[in-house]
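Asker: If you scroll down you'll find the structure; I have some questions about it.
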Amino acid sequence: MNILVTGGAGFIGSHLCEFLLNKGEKVICVDNFFTGSKENVKELIKNDKFTLLPHDIINSLYLNKHVDQVYNLACPASPIHYQHNGIRTIKANTLGVTNMLGLAKLHQARILQASTSEVYGDPLEHPQEEHYWGHVNCFGPRSCYDEGKRAAEAFFFQYQQQHDVDIRIARIFNTYGPKMAINDGRVVSNFIIQALKDKDITIYGDGTRTRSFCYVDDLVLGLYRLMECSYRKPLNLGNPGEFTMKELAEKVIEKTGSKSKITYHKIPQDDPQKRQPDILKARLWCLWQPKVSLDEGLDKTIEYFKGKV
Ligand code: NAD
Ligand code: UDP
């Protein structure tokens, strides 16, 4: 198959491209290199089944090669990056998403959208099941991303209803692992880099906020299984193991043998208090569940960052 991966030079996208190439597929990786890098795909470029196409999905994309599947991952995912130019973030999730849906319609390709647990906002239900409509502030610093991704899901629904486009929607929960950018700014990479440098660990708030962390290899398999299965509604992909930020900080300090001290800072506006996926649907429809524990995944990620800092 010819498979288009947008955002393919980013953290998750580069792992996905590698996974698909290992399956023997031809991969076209589209990226504007805002948060992704050529470094992430430098090994893949040697494979003649891999094409790297610099392009911003906010602009139309016409390919002269037939495409069978599209994984639409192009969007900055870390709060500091998606808030850097919030207008572009909304555009990636609206103009960009309609461009990719239009391309999928033209090619009669199946298309998967990288949605997010952020569609649940600061959730009032816990754990979050797919039927929960969420608790999102549409007028705040996170809304460019949260509402952008919600609009993207609405576009997907309409293209399915009106044009019979074959859609898949993955609501991805916090994912971590090698190839996160040094300046990514999300909690796992921040804590590991701080610990490896013996610098203060920056917990935002009092350390009781929770997240559920999924190792990237598990997530990539989940995306693939969702693309291959027949489920056409939004589906949670994440690891239900839930940890407080204090627990995460302590684990990272212990694993790195760091001299870092934990410090507490102002919590960013609208930062969700807790988050945990219900993955019953993924288990049933995709025969998928994560296998890598936080301990194992942190060990691998720490090894990666040791070579970078
Ligand atoms: P990332 O920032 O590392 O990757 C995003 C990639 O998209 C980068 O390579 C970036 O350069 C590219 N990109 C951004 N805007 C673009 C545009 N307009 N046109 C072309 N390319 C563009 O982030 P990630 O963690 O790999 O996330 C990938 C996708 O998964 C994103 O859509 C994100 O919203 C979603 N997601 C990720 C997580 C997570 O925890 N990592 C959680 C939920 C959802
Ligand atoms: N966080 C933190 N210190 C950091 C970075 C993030 O305590 O250096 C917290 C953040 O406030 C949030 C959690 O870690 O409660 C996860 O943040 P991240 O940016 O990784 O992802 P998201 O908020 O999008 O889930």
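Any read-out appearing in this document is the output of simple, stated calculations on the displayed coordinates, not a laboratory observation. Predicted model, so just to flag it, every value in this text is computed and none were measured. Counting neighbours? That spans all protein chains shown, and the Cβs are built from the backbone with ideal geometry, glycine included.
Asker: Could you pull out every residue, at least 5 positions away or on a different chain, whose amide H is within less than 5 Å of the one on Arg209? Hs are placed 1.01 Å off N in the peptide plane, and Pro or chain starts have none.
Answerer: Sorted by chain and number, the residues that satisfy this are Met245.
Asker: Follow-up. Give the peptides 222-228, 27-33 in descending order of average Cβ contacts within 10 Å, highest first.
Answerer: The densest-packed peptide leads the list: 27-33, 222-228.
Asker: What is the set of long-range amide H partners of Tyr71 at a cut-off below 5 Å, with H atoms built 1.01 Å from backbone N?
Answerer: Here the answer is Leu4, Val5, Thr6, Leu112, since their amide H atoms fall under 5 Å of that of Tyr71.
Asker: Right, another one. Mind listing which GluC sites (Glu not before Pro) in the stretch 123-184 are in a DSSP loop and have 16 or fewer other Cβ atoms within 10 Å?
Answerer: Glu125, Glu129
Asker: Where does the charge balance sit around Ser260 when Lys and Arg score +1, Asp and Glu -1, over other residues with C-beta under 9 Å from its C-beta?
Answerer: Result for the neighbourhood of Ser260: +2.
Asker: Could you give the angle, 0 to 90 degrees to the nearest 10, between helix 294-306's Cα long axis and the longest principal axis of the Cα atoms of the chain?
Answerer: 90
Asker: Hey, another quick one. Got a sec? How would Lys233, Lys42, Lys91 order by Cβ neighbour count within 10 Å, fewest to most?
Answerer: Arranged by neighbour count, lowest to highest, Lys233, Lys42, Lys91 become Lys42, Lys233, Lys91.
Asker: Rounded, prolate or oblate for the stretch 1-111? Axes are the square roots of the Cα gyration tensor eigenvalues, ordered a ≥ b ≥ c, and the cut-off for rounded is a/c under 1.5.
Answerer: Cα axes put the stretch 1-111 in the oblate bin.
Asker: If contacts are Cα pairs under 8 angstrom and at least 6 residues apart, what is the relative contact order of the chain in percent?
Answerer: Here the relative contact order equals 18 percent.
Asker: Could you list Lys199, Lys261, Lys266, Lys26 so that the one with the fewest beta carbons within 10 Å of its beta carbon is first and the one with the most is last?
Answerer: Lys266, Lys261, Lys199, Lys26
Asker: Starting from the Cα-Cα distance between Asn47 and Lys251, subtract it from 0.36 nm times their residue separation and give me the gain in nm to one decimal.
Answerer: Contour length minus the Cα-Cα distance gives 69.7 nm.
Asker: Sticking with this structure for a sec: Can you list residues whose amide H is under 5 Å from Tyr204's amide H, if they're 5+ apart or on another chain and H is modeled 1.01 Å from N?
Answerer: When sequence neighbours closer than 5 places are left aside, the close amide H contacts are His265.
Asker: Set the Förster distance to 41 Å, then compute FRET efficiency between Ser293 and Asp200 from the Cβ-Cβ distance, nearest 0.05.
Answerer: 0.95
Asker: Take every Cα pair under 8 Å in the stretch 123-256 that's 6+ residues apart, average their separations, divide by the length, and report that relative contact order as a whole percent.
Answerer: 30
Asker: May I ask you to sort Arg209, Arg168, Arg283 by Cβ crowding, counting other Cβ atoms within 10 Å and putting the fewest first?
Answerer: Exposure proxy ranking, most exposed first: Arg283, Arg209, Arg168.
Asker: Residue-wise, which Karplus ³J(HN,Hα) couplings in Hz belong to the stretch 225-239, taking 6.51 cos²θ - 1.76 cosθ + 1.60, θ = phi - 60°, and x for glycine or proline?
Answerer: Result, ordered by residue: 5, 5, 4, 7, 8, 9, 7, 10, 10, x, 9, 6, 10, x, 9 Hz.
Asker: Would you mind calculating the relative contact order of the stretch 191-299 from Cα pairs under 8 angstrom and at least 6 residues apart, reporting the percent as a whole number?
Answerer: 45
Asker: Another question about this same structure. Could you tell me which of rounded, prolate or oblate describes the stretch 81-128, using a ≥ b ≥ c as the square roots of the eigenvalues of the alpha-carbon gyration tensor, with rounded for a/c under 1.5 and, failing that, prolate when a/b is larger than b/c and oblate otherwise?
Answerer: Here the stretch 81-128 falls in the oblate category.
Asker: Check the straight Cα-Cα distances from Lys281 and name the lysines below 21 Å, setting aside those fewer than 8 residues away within the same chain.
Answerer: By straight Cα distance, Lys281 reaches Lys149, Lys233, Lys291.
Asker: Taking a ≥ b ≥ c as the square roots of the Cα gyration tensor eigenvalues, with a/c under 1.5 meaning rounded and otherwise prolate when a/b beats b/c, else oblate, which class fits the stretch 52-171?
Answerer: Oblate, since a/c reaches 1.5 and b/c is not below a/b.
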